[in-house]
Amino acid sequence: MNTPTNTASNLNSSTITQRSRAGLDALAAMLKYSSTSLRSVAREDFLATEQGAQLAREHEDGATGAEEVAARVDSAIKVASALPVHRMERFVQRYVAEEMMSRNVVSVEEMRDFHVMQDAAPVEGAGGTLELDGDAPLPAYYEGVHYHLSPHGAEDYDLGAKGGGIGRVFRYGGFAAVPPSSNIGSQRIDVVRQFRQADLGRILEIGCGGVFTLMAIHRVFPEAELIGCDLNGQTLAEGFRIAERMGMKVTLRQRDARDTGEAAGSIDGVFSYALHHEAPVEVNREMFREVFRVLRSGGEIVISDPPPFRGVDIFDAVLLEWDNDHREEPYFRETCLANWEDELRAIGFVDVEGYALGDHGYPWVTRAVKP
Ligand SMILES: C[S@@+](CC[C@H](N)C(=O)[O-])C[C@H]1O[C@@H](n2cnc3c(N)ncnc32)[C@H](O)[C@@H]1O
């Protein structure tokens, strides 16, 4: 397999006008200011209150059951909501989240002709396969949700997968579960390295979106056969074009992760990145059962998703919970209260572990083996 010689961000960078780039960069700077200067004052203010300090101690030492954790987080939200700097920090977060989506649409529309022409241009491909199924109904939990305040939902904007400008805003971290100064590109690679075996032959990424995470998998496992599935046909098609241009051979299928179409026992490793918080807990259970079915004996699953509330301090839990109602992540709260380790054990996985690679519980990894 060829080694990619270009990066997806390089391929995207020439498709934004200078004016749009400057506007998106200004939002990136606001996000950085909010998540560093403002947030550290908000955290100090929270801990300076009697109740905030007590909740912080209880969260560190206390019970980790979902009900107790939920009650503690709710109390902490009340304390934080009364603090002016915290409110201002959240206001900036919301403003940036909304504004970057709108500005990104403008930046894409400014280059519409270019995008349409580029998508139609013949590519000397890498020999991969794209299987779209536009007729498949979207699951009820997913349809109509405008994740991350995306103004176009899952599929109803023809250039909805052109997200190069959004990456500019996210590049310093400081949003959702991602702490400031995080590099979500190199962290994907760090998380892929959590597979215990170095010689996985067939790797499936469930909920792959496009190919950014498959690129990280390819970096760590250059010889592996790569398969990705997702519900969103647009991001798959865009990812496929990028993969083909980069010389990275992939098979991408528009399939629900609960029904991947892979034969039982045919996969050596399953990876998921930022998938599970976008679905209800019960849907995640079904995904894990499907993963168990397709893995061979001895095969592994590695998951990276926002940390559970029990895996971060109480103030970080308040910040995580905020995404549920304020950045259209309707399953964030229930999945941050869930325990993927217990869920995987219940299905039959062994050697189950959950841990953080860096500060603030991020990136959070859950890994397990099929016996
Ligand atoms: C935040 S994105 C992450 C995409 C990708 N893993 C990455 O690292 O860039 C979450 C993805 O999960 C997909 N998704 C949600 N529910 C799914 C399901 N039941 N089956 C397959 N994909 C799903 C969404 O369409 C979306 O592309």
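The values are calculated or read from the model by the stated rules, or taken from the named source; none is laboratory data. Just so it is clear, the structure is predicted and the values come from calculations on it, not from any experiment. Cβ: placed from backbone, ideal geometry, glycine included. Neighbour counts: every protein chain shown. Accessible surface is based on the protein model in full, side chains and every heavy atom, while ligands, DNA and RNA are left aside. Shrake-Rupley method; radii C 1.70, N 1.55, O 1.52, S 1.80 Å.
State the percentage of accessible surface on the range 55-154 attributable to carbon and sulfur atoms; use a 1.4 Å probe and exclude ligands, DNA and RNA.
Details: 3120 of 5690 Å².
So the carbon and sulfur contribution to the accessible surface is 55 percent.
Over the chain, calculate the relative contact order: mean separation of alpha carbon pairs under 8 Å at least 6 apart, over the residue count, as a percent. Before the final figure, lay out the partial values.
On the way: 633 pairs, mean separation 71.1, N = 371.
Computed over the chain, the figure is 19 percent.
If you take the square roots of the eigenvalues of the alpha-carbon gyration tensor of the range 330-371 and sort them as a ≥ b ≥ c, do you get rounded (a/c under 1.5), prolate (a/b over b/c) or oblate?
Numbers: a/c = 3.40, a/b = 1.32, b/c = 2.58.
It is oblate, given that a/c is not under 1.5 and a/b is not larger than b/c.
Going through the range 75-137, which GluC sites (Glu not before Pro) have at most 10 other Cβ atoms within 10 Å and a DSSP loop state?
Hits after loop and neighbour filter: E124.
Can you give me the relative contact order of the range 189-229 as a percent, contacts being Cα pairs under 8 Å and 6 or more apart?
Relative contact order for the range 189-229 comes out at 53 percent.
Is it possible to state the helix-based mean residue ellipticity at 222 nm for the chain, with each DSSP H run of 4+ residues giving -39500 (n - 2.57), the sum divided by total residues, to the nearest 500 deg cm²/dmol? What is it?
On the way: 15 runs with 176 residues, N = 371.
So the calculated ellipticity at 222 nm is -14500 deg cm²/dmol.
Subtracting the Cα-Cα distance from 0.36 nm times the residue separation, let me have the gained length for D119 to Y355 in nm, one decimal.
Numbers: separation 236, 0.36 × 236 = 84.96 nm, distance 4.05 nm.
Going from the current span to full extension adds 80.9 nm.
Scanning the chain for helices, which whole DSSP H stretches are 30 Å or more long along the axis (Cα) and average -1.0 or more by Kyte-Doolittle?
Numbers: long enough: 84-110 (38 Å, -0.54).
TM-like helix candidates: 84-110.
If the chain between A346 and K78 were fully stretched, how many nm would it gain, using 0.36 nm times the residue separation less the Cα-Cα distance?
Working: separation 268, 0.36 × 268 = 96.48 nm, distance 3.47 nm.
Result for the pair: 93.0 nm of gain on full extension.
Tell me the GluC sites (Glu not before Pro) within the range 134-235 that lie in a loop according to DSSP and have at most 16 other beta-carbon atoms within 10 Å. Mind dumping the intermediate values first?
Working: sites: E143, E155, E205, E223, E225; in loops: E143, E155, E223.
Sparse-neighbourhood loop GluC sites (Glu not before Pro): E143, E155, E223.
Taking the dipole about the Cα centre of the chain, with the C-beta of Lys and Arg at +1 and of Asp and Glu at -1, give me whichever of S40, I203, T17 is farthest to the positive side.
Among S40, I203, T17, the one farthest towards the positive end of the dipole of the chain is T17.
Put +1 on the Cβ of every Lys and Arg and -1 on every Asp and Glu Cβ in the range 210-327; which of V283, P306, F271 then has its Cα farthest towards the positive end of the dipole?
Of V283, P306, F271, it is F271.
Return the ratio Rg/(2.2 N^0.38 Å) for the chain, where Rg is computed over Cα atoms only. Write out the running numbers ahead of the final one.
Working: Rg = 20.5 Å, N = 371, 2.2 N^0.38 = 20.8 Å.
Normalised by 2.2 N^0.38 Å, the Cα Rg of the chain equals 0.99.
Measuring with a 1.4 Å probe in the full set of protein chains, what accessible area per residue, in whole Å², belongs to the range 112-233? Please report the intermediate quantities before stating the final value.
On the way: 5650 Å² over 122 residues.
Accessible area per residue: 46 Å².
Across bins of 10 angstrom width beginning at 0, how are the C-alpha pair distances of the range 113-264 distributed, in whole percent?
In whole percents, the pair-distance histogram is 10, 36, 39, 15, 0.
Can you check how the C-alpha radius of gyration of the range 49-177 compares to 2.2 N^0.38 Å, as a plain ratio?
On the way: Rg = 21.4 Å, N = 129, 2.2 N^0.38 = 13.9 Å.
After normalising by residue count via 2.2 N^0.38 Å, the value is 1.54.
Putting +1 on Lys and Arg Cβ atoms and -1 on Asp and Glu Cβ atoms, find which of G185, A80, A257 reaches farthest to the positive end of the dipole of the range 8-369.
Comparing the listed Cα positions along the dipole, G185 ranks first.
How long is the range 220-345 along each principal axis, judged by its Cα atoms, biggest number first, in Å?
Computed over the range 220-345, the largest-to-smallest principal extents equal 43, 34, 26 Å.
Pairs of Cα atoms under 8 Å, at least six residues apart: use those to get the relative contact order of the range 99-191, whole percent.
Values: 41 pairs, mean separation 24.0, N = 93.
With pairs under 8 Å counted, the relative contact order is 26 percent.
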